[in-house]
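Chemist: Below is one structure. I have some questions about it.
The values are calculated or read from the model by the stated rules, or taken from the named source; none is laboratory data. Note that the structure is a prediction, hence the values are computed from the model and not measured. So basically every Cβ, Gly included, is an ideal-geometry build from the backbone, and we count neighbours across all protein chains shown. Each accessible area value is taken on the protein alone, full model and side chains, heavy atoms only, with ligands, DNA and RNA left out. Shrake-Rupley method; radii C 1.70, N 1.55, O 1.52, S 1.80 Å.
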Amino acid sequence: MATTPLQHIVREIVQVRQSTEQALLEGKAADFADYRHLAGVIRGLTQAEYIVKDLVQKLEQSDE
């Protein structure tokens, strides 16, 4: 099965989220404000991932 542009976007979102999570785990947040920012980025990327995955699923179901 060929990779669709939406599947590519999901992979990119996951990659950025994982690198942000890794930075947080490694204690790279300079202060609490930075920690909150990184946590918000992770939350937003997770939501974006689910939105795009849901769209992919709906598009696949409409093709059936």
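Chemist: Set Lys and Arg Cβ to +1 and Asp and Glu Cβ to -1, take the dipole of the chain about its Cα centre, and tell me which of Val16, Gln61, Pro5 lies farthest positive.
Modeler: Projecting each Cα onto the dipole axis, the largest value belongs to Val16.
Chemist: Further, regarding this structure: So between Ile51 and Ala23, what do we pick up on full extension, going 0.36 nm a residue minus the alpha carbon distance?
Modeler: On the way: separation 28, 0.36 × 28 = 10.08 nm, distance 2.41 nm.
Length gained between Ile51 and Ala23: 7.7 nm.
Chemist: If you build the Cα gyration tensor of the chain and take the root of 5 times each eigenvalue, what three semi-axes come out, in whole angstrom, biggest first? Before the final figure, lay out the partial values.
Modeler: Details: eigenvalues 188, 26, 7 Å².
Equivalent ellipsoid of the chain: 31, 11, 6 Å, largest first.
Chemist: What's the extension gain from Leu59 to Ile9 if we count 0.36 nm per residue and subtract their Cα-Cα distance?
Modeler: The Leu59-Ile9 span can extend by a further 16.5 nm.
Chemist: OK, next. Can you give the calculated 222 nm mean residue ellipticity of the chain, where each DSSP H run of n ≥ 4 adds -39,500 (n - 2.57) and the sum is split over every residue, rounded to the nearest 500 deg cm²/dmol? Show your work: numbers first, answer last.
Modeler: Values: 2 runs with 53 residues, N = 64.
The helix contribution divided over the chain gives -29500 deg cm²/dmol.
Chemist: Let me ask something else about it. In whole Å, what is the distance between the alpha-carbon centres of segment 1-40 and segment 49-63?
Modeler: Their Cα centres are 21 Å away from one another.
Chemist: Out of the total accessible area of the chain (probe 1.4 Å, heavy atoms of protein only), what percent is carbon and sulfur? All intermediate terms of the calculation are to be shown ahead of the outcome.
Modeler: Working: 2770 of 4910 Å².
Reported share for carbon and sulfur atoms: 56 percent.
Chemist: Something else: Where does the charge balance sit around Val41 when Lys and Arg score +1, Asp and Glu -1, over other residues with C-beta under 13 Å from its C-beta?
Modeler: Values: positive: Arg17, Lys28, Arg36, Arg43; negative: Glu21, Asp34, Glu49.
Result for the neighbourhood of Val41: +1.
Chemist: Okay, moving on. Ignoring ligands, DNA and RNA, what accessible area per residue does the chain give at 1.4 Å, in Å²?
Modeler: Numbers: 4910 Å² over 64 residues.
Ligands and nucleic acids excluded, the result is 77 Å² per residue.
Chemist: For segment 49-64, take each phi angle, set θ = phi - 60°, evaluate the Karplus expression 6.51 cos²θ - 1.76 cosθ + 1.60, and give the result in whole Hz per residue in order, putting x for glycine and proline.
Modeler: 4, 5, 5, 5, 4, 4, 4, 4, 4, 5, 5, 5, 5, 6, 7, 6
Chemist: Another one. Which whole-number percent is the relative contact order of the chain (Cα, under 8 Å, 6+ apart)?
Modeler: It rounds to 45 percent for the chain.
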